[in-house]
Amino acid sequence: MASSTSLASHILSLILLHLLLSPQPAYSVSGFRATLTRVPKHTTTNTFKTEPAGSLIKSPMTAENDVYLLSLAIGTPPVKFSAVMDTGSDLIWTKCKPNGLFDSSKSKSFSKINESCETAGLGYDCKQKYADGTSVSVTLGQETLTIGNQKIQNVKFACGKPNGKDLDRYNGIVGMGHGKLSLVSQLNERVFAYCLGSRFGPKTSSVLLAGSEASGINSNAQTMPLITQGDKPYYYISLEGISVGGTKLAVTKSDFAASSYGDGGMIIDSGTTFTYLEESIVNMISNEFMNQTKLKMSEKNNQYDELKHCFKSRGNVNAPTLVFHFEGANWELPDKNYIYQKDGGDMACLAFIAKKATDVSIFGNFQQQNMLVIYDLDKSSLSFKSCK
């Protein structure tokens, strides 16, 4: 980083105001899937300048049903917008005029970059493609981003035109993956963390983007390895087993391992709502849950789209604790982190979605509620503990 003021010496604290919207909008409850579908290859680096603003930066954020939105501003003068915070992709983009808030022609700090979409890893068609089949047509540029009262100059971003209604309802995405165009990589931050607030109450949560000063926040936390798969921007984790109420299911590490072709594996992703697992594993979780609770599956499900394992419920369920056994760490899921129920609804569903065997498994943000998740890229580790 060329600036005399390194962002590695600051802590970026982004306050999440977790607001549940009611009534709920009529879009798929399967949740936003910001995860990329291909391997981007980025070959360029940036030179940044920052304006010193003290050791702590705060920026408001909100949770909108299925995703967590980061508040920031772009350009000079700054134009405020909110974007999905997504660890499953590595591009920063926002909708620009005429369909969005930002007009690059009116910004004093905007500049084009001499780089083709293909060399930037976006393909010859200049599209960012996501796992749910949606995509964004993009035009690359450089701009000043304002996060809290910190200005970061010469950030590579894209003006994006969403191709699909799921993406079009957001003003943009801030990619936090480890590809070279992500916010984390462009700021040269090696440690960052977030805490995602509960979906069942208007609680305040925080997300941290930190350098060396954050090294102590993982005390009393469990730690597992972060695994890389070629040039993919994902954060892979090694899942070795699952328990329901103390009963271990008949699954092994090999059920979640990536193949020699790069298929499969499991990633942790703040931009995907629910957890995606192979259908047979979702069925095992459901069967053991029903066996222990003595509940019966409902044949009709008109409220929850892709959530298929549902049951009648008008109150709290005496539900068992689920445990995901990762390499070196056990992640306990209380019922509120794996049972989804709409306000006022009479049906609840297990918050797991079946995937194809060759697709990647995803540990979604619903399962990460109220946990401080710490990414240490130098140590290739992921740590977690309660936000409380």
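The values are calculated or read from the model by the stated rules, or taken from the named source; none is laboratory data. This is a predicted model, so every value here is computed, not measured. Every residue, glycine among them, receives a Cβ derived from its backbone with ideal geometry; neighbour counts consider all protein chains shown.
Does residue 188 fit the bill of being touching a residue at least 60 places away in the same chain (Cβ under 8 Å), touching a Lys or Arg at 6+ places or on another chain (Cβ under 6 Å) and farther than 17 Å from residue 374 by Cβ? So residue 188 does not fit the description; no. For the structure I just gave you, tell me whether residue 332 is farther than 16 Å from residue 386 by Cβ and modelled with pLDDT of 95 or more. Considered against the rule, which asks whether it is farther than 16 Å from residue 386 by Cβ and modelled with pLDDT of 95 or more, residue 332 comes out as no.
Among the residues of segment 105-119, those identified as out of contact with any strand residue (DSSP E or B) (no Cβ under 6 Å at 6 or more places or on another chain) and in contact (Cβ under 8 Å) with a residue 40 or more places away in the chain are 115, 119. Looking only at residues in segment 322-347 that are free of Cβ contacts under 8 Å to residues at least 24 places away in the same chain and part of a loop (DSSP other than H, G, I, E, B), the one that is surrounded by the fewest Cβ atoms within 10 Å (Cβ to Cβ) is 344. Only one entry in 203, 129 is under 20 Å from the mean Cα position of the chain (by Cα), among the basic types (Lys, Arg), surrounded by fewer than 20 Cβ atoms within 10 Å (Cβ to Cβ) and modelled with pLDDT under 75, namely 203.
Check segment 64-75 and report whether any residue there is of a type in the set (Asp, Glu) and buried (at least 20 other Cβ atoms within 10 Å of the Cβ). Scanning segment 64-75, I find at least one residue that is of a type in the set (Asp, Glu) and buried (at least 20 other Cβ atoms within 10 Å of the Cβ), so the answer is yes.
Tell me yes or no: at least one residue of segment 44-54 is charged (D, E, K, R), at pLDDT 70 or above and farther than 24 Å from residue 178 by Cβ. Taking every residue of segment 44-54 in turn, none turns out to be charged (D, E, K, R), at pLDDT 70 or above and farther than 24 Å from residue 178 by Cβ. Would you be able to say whether some residue in segment 265-277 is assigned by TED's automatic domain parsing to the domain that holds residue 340 and surrounded by fewer than 20 Cβ atoms within 10 Å (Cβ to Cβ)? Checked segment 265-277: no residue is assigned by TED's automatic domain parsing to the domain that holds residue 340 and surrounded by fewer than 20 Cβ atoms within 10 Å (Cβ to Cβ).
Scanning segment 116-159 for residues that are touching a Pro at 6+ places or on another chain (Cβ under 6 Å) and over 15 Å from residue 74 (Cβ atoms) yields a total of 2. Among the conditions (1) modelled with pLDDT of 85 or more; (2) within 15 Å of the chain's Cα centre (by Cα), residue 197 misses just one, which is (1). A search for C-beta distances below 6 Å between a residue of segment 70-83 that is in contact (Cβ under 8 Å) with a residue 60 or more places away in the chain and any residue that is surrounded by fewer than 19 Cβ atoms within 10 Å (Cβ to Cβ) and among the basic types (Lys, Arg), counting only pairs 6+ apart in sequence or on different chains, returns 73/80; 76/108.
Considering the conditions (1) over 30 Å from residue 353 (Cα atoms); (2) surrounded by fewer than 19 Cβ atoms within 10 Å (Cβ to Cβ); (3) in contact with a Ser or Thr (Cβ under 7 Å, 6 or more places away or on another chain), residue 81 is excluded by exactly one of them, (2). Annotation: of all residues in segment 348-365 being touching a helix residue (DSSP H, G or I) at 6+ places or on another chain (Cβ under 9 Å) and farther than 19 Å from residue 262 by Cα, the one that is surrounded by the fewest Cβ atoms within 10 Å (Cβ to Cβ) is 354. Does residue 138 count as surrounded by 18 or more Cβ atoms within 10 Å (Cβ to Cβ), free of Cβ contacts under 8 Å to residues at least 60 places away in the same chain and of a type in the set (Val, Ile, Thr)? So residue 138 passes the test.
Rundown of residues vs (1) under 17 Å from residue 224 (Cα atoms); (2) at pLDDT below 90, yes/no style:
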site: 350; (1), (2): no, no
site: 353; (1), (2): no, no
site: 356; (1), (2): no, yes
site: 363; (1), (2): yes, no
site: 367; (1), (2): yes, no
site: 375; (1), (2): yes, no
site: 380; (1), (2): yes, no
site: 385; (1), (2): yes, no
